[in-house]
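The values are calculated or read from the model by the stated rules, or taken from the named source; none is laboratory data. Owing to the predicted nature of the structure, the values given are computational and were not obtained by experimental measurement. Cβ placement follows ideal geometry from the backbone for every residue including glycine, while neighbour counts extend to all protein chains displayed.
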Amino acid sequence: MPPLSHPLRFLVVALAGWINQQQREVIDYLQTENRVLREQLGPSRLRFTDDQRIRLAAKAKHLRRRVLQEIGTIVTPNTLLTWHRHLIARKYTGRGRRGPGRPPVMAEIRQLVVRMATANRDWGYTRIQGALANLGHEVGRGTIAAILKEHGIEPAPERQKRTTWQEFLKIHWVVLAAADFFTVEVWTATGLTRYVVLFVIELATRRVHIAGIASEPDSAWVVQCGRQLTDAVDGFLVGKRFLLHDRDSLFTEAFRETLAATGVETVRLPPKSPNLNAFAERFVRSIKESCLNRLILVGEGSLRRAVREFVAHYHHERNHQGLGNVLIFPTSVQIRSDDPIVCRARLGGLLKFYHRPAA
């Protein structure tokens with residue numbers, strides 16, 4: 001990926017910080033507007049054209065019934081889903097039996113048009129037309145417009161107005177990491193003591209690094225962790241451009257400046273938006289449910305050992321559904337199906353891994 005100019009990099013970071021909150025405010029406004037419109041209309045029934053039904057059905061298919069009920073649509077969720085079923089049924093109405101008139105567009109071309117428009121928000125009819133010509137398909141702009149309209153897809157000017165958080169992540173996938181804290185209660189000589197664990201996760205590979213563990217974390221401790229993460233020799237963030245983190249007070253301005261001095265821009269997530277840091281949140285859930293919540297930890301040493309053993313298990317022995325249900329670091333040794341099966345156990349059998357050892 002070519003390096004971003006400083007103004008563009010600043011724009012991307014700024015956009016990432018407030019885009020989710022902006023979308024939430026837009027949704028809240030539209031919900032209120034829908035309620036006001038329904039109050040104005042009263043019991044009268046709304047009339048929809050076929051084009052309007054198609055557009056609403058196409059949008060509704062990505063939402064669950066519960067979500068549709070929560071947002072207060074102008075038609076019932078059952079109606080929207082019925083329209084969607086009718087939209088699907090149009091494929092099987094016998095239109096393959098040709099009658100008078102021009103032949104329908106090939107199914108392959110229709111799928112390509114929808115695929116290109118969905119994957120490229122800024123592609124208009126002419127751009128899609130050119131891309132199809134590169135593949136040997138001559139299609140008119142009017143035909144492309146009709147296909148998109150039939151599938152409820154807006155023209156390019158409307159599509160490119162919305163940049164989703166998922167699109168931001170995909171664009172910067174290989175240079176993105178996320179940081180977060182989680183707490184653990186540990187028995188010590190003075191009773192239960194709360195320890196804070198700072199970790200960083202590489203989004204593209206799900207590789208995790210424990211940056212620090214402390215019972216009394218402060219700004220100086222977090223800054224020191226930042227220095228170690230950006231060490232030019234073996235820092236975990238070497239090669240990364242952005243670090244996502246929430247608005248925890250421990251992520252101080254000094255911490256952000258420490259990372260910025262090495263070329264790592266910090267992206268502060270909007271308040272109350274854990275879904276924007278989903279990979280880090282998922283790791284916290286995994287280590288607590290599979291390990292820490294099932295142990296009675298006595299002393300800092302036992303906590304460090306448990307975390308160290310789980311991270312090793314997480315990297316080399318735990319299959320990850322988000323990566324195609326494979327290991328992060330799979331073995332490269334040739335395995336034969338007749339080799340004996342061995343169980344590797346960690347933490348007294350709490351974490352187990354079945355494998356065939358190399359001969």
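Results, tabulated for the structure shown:
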| quantity | calculated |
| --- | --- |
| Qualifying position, being closer than 25 Å to Q52 by Cα, modelled with pLDDT of 70 or more and not in a helix (DSSP H, G or I), among G94, G136, G152 | G152 |
| Conditions (1) loosely packed, with under 10 Cβ neighbours inside 10 Å; (2) modelled with pLDDT under 60; (3) not in a helix (DSSP H, G or I): number failed by A89 | (3) |
| Residues of the stretch 179-216 satisfying the condition of being under 22 Å from N275 (Cα atoms) and outside any strand (DSSP E or B) | L203, A204, T205, R206, R207 |
| Selection count where residues are of a type in the set (A, V, I, L, M, F, W, C), surrounded by fewer than 19 Cβ atoms within 10 Å (Cβ to Cβ) and closer than 14 Å to G226 by Cα, scope the stretch 196-210 | 1 |
| Residue match in the stretch 282-290 (condition: touching a residue at least 60 places away in the same chain (Cβ under 8 Å), of a type in the set (D, E) and farther than 25 Å from T190 by Cβ) | no |
| Search result, residues across the stretch 335-359 that are loosely packed, with under 12 Cβ neighbours inside 10 Å and at pLDDT 75 or above | P340, I341, V342, C343, A345, G348, G349, Y354 |
| Long-range neighbours under 6 Å by Cβ, at least six apart or interchain, first residue without any contact (Cβ under 8 Å) to a residue 40 or more places away in the chain and under 20 Å from P155 (Cβ atoms) within the stretch 126-138, second part of a helix (DSSP H, G or I) and of a type in the set (K, R) | Q129/R141 |
| Scan of the stretch 219-252 for residues that are small (G, A, S) and either under 26 Å from the mean Cα position of the chain (by Cα) or in a helix (DSSP H, G or I) (or both), ordered by number | S219, A220, G226, G235, G239, S249 |
| Answer residue from the stretch 114-145, given it is aliphatic (A, V, I, L, M) and surrounded by fewer than 13 Cβ atoms within 10 Å (Cβ to Cβ) and is nearest to the chain's Cα centre (by Cα) among those | A119 |
| Residues located in the stretch 257-278, provided they are buried (at least 19 other Cβ atoms within 10 Å of the Cβ), within 20 Å of V197 (Cβ to Cβ) and out of contact with any Gly (no Cβ under 8 Å at 6 or more places or on another chain) | T266, N277 |
| A146 vs. criteria aliphatic (A, V, I, L, M), at pLDDT 85 or above and under 24 Å from T49 (Cβ atoms) | yes |
